[in-house]
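The values are calculated or read from the model by the stated rules, or taken from the named source; none is laboratory data. It should be emphasised that the depicted structure is a prediction, and the values quoted were computed from it without experimental measurement. Ligands, DNA and RNA are excluded from the accessible area calculation, which covers all protein heavy atoms including side chains. Shrake-Rupley method; radii C 1.70, N 1.55, O 1.52, S 1.80 Å.
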Amino acid sequence: VQLQASGGGLVQPGGSLRLSCAVSGSIFSINTMGWYRQAPGKQRELVATITAGFITNYVDSVKGRFIISRDNAKNTVDLQMNSLKPEDTAVYYCHYRNVYAMDFWGKGTLVTVSS
């Protein structure tokens with residue numbers, strides 16, 4: 001399984017960015033996709049996940065600001081990030097978990113929120 005993420009960059013506080021991730025390879029129809037992030041000096045944390053049945057889960061700090069979505073036909077998962085804050089600065093990782101609870105990760109894309 002390969003994950004290719006894109007869409008990171010520099011944005012001012014209050015701005016928006018959209019991350020996209022394409023998953024390829026041996027993909028099971030039952031799976032969970034999501035995004036994690038790791039800020040400098042901190043542990044990687046869950047940002048948002050979405051199941052194949054479109055059940056979503058968000059970390060409290062992004063609720064109401066970020067929206068995760070997926071396209072099951074294209075095997076893609078997106079993260080729309082609005083009202084970005086400096087504390088959202090991190091490397092964002094795309095994640096895929098299959099029906100056997102095997103985890104796969106993308107390489108990460110840097111999001112910097114700064115004026």
Legend entry - Stokes-Einstein translational diffusion, region 1-42 - Kirkwood Rh over all Cα pairs, 1.306 mPa s, 10 °C, in µm²/s: 123 µm²/s
Legend entry - Surface accessible to a 1.4 Å probe, per residue, for the residues of region 14-115, Å²: 52 Å²
Inset, instruction - Report ³J(HN,Hα) in whole Hz for each residue of region 85-100, in order, from the Karplus equation J = 6.51 cos²θ - 1.76 cosθ + 1.60 where θ = phi - 60°; Gly and Pro get x. - result: 10, x, 6, 7, 4, 4, 8, 9, 10, 7, 9, 9, 10, 8, 5, 8
Legend entry - Vicinal HN-Hα couplings computed from phi for region 20-26 (Karplus, 6.51 cos²θ - 1.76 cosθ + 1.60; Hz; Gly/Pro x): 10, 9, 10, 10, 9, x, 7
Inset, instruction - May I ask for the equivalent-ellipsoid semi-axes of the chain, computed as the square root of five times each C-alpha gyration tensor eigenvalue and listed largest first in whole Å? - result: 24, 14, 13
Inset, instruction - Pop out the carbon and sulfur fraction of the accessible area of the chain as a percent, whole number, probe 1.4 Å. - result: 52 percent
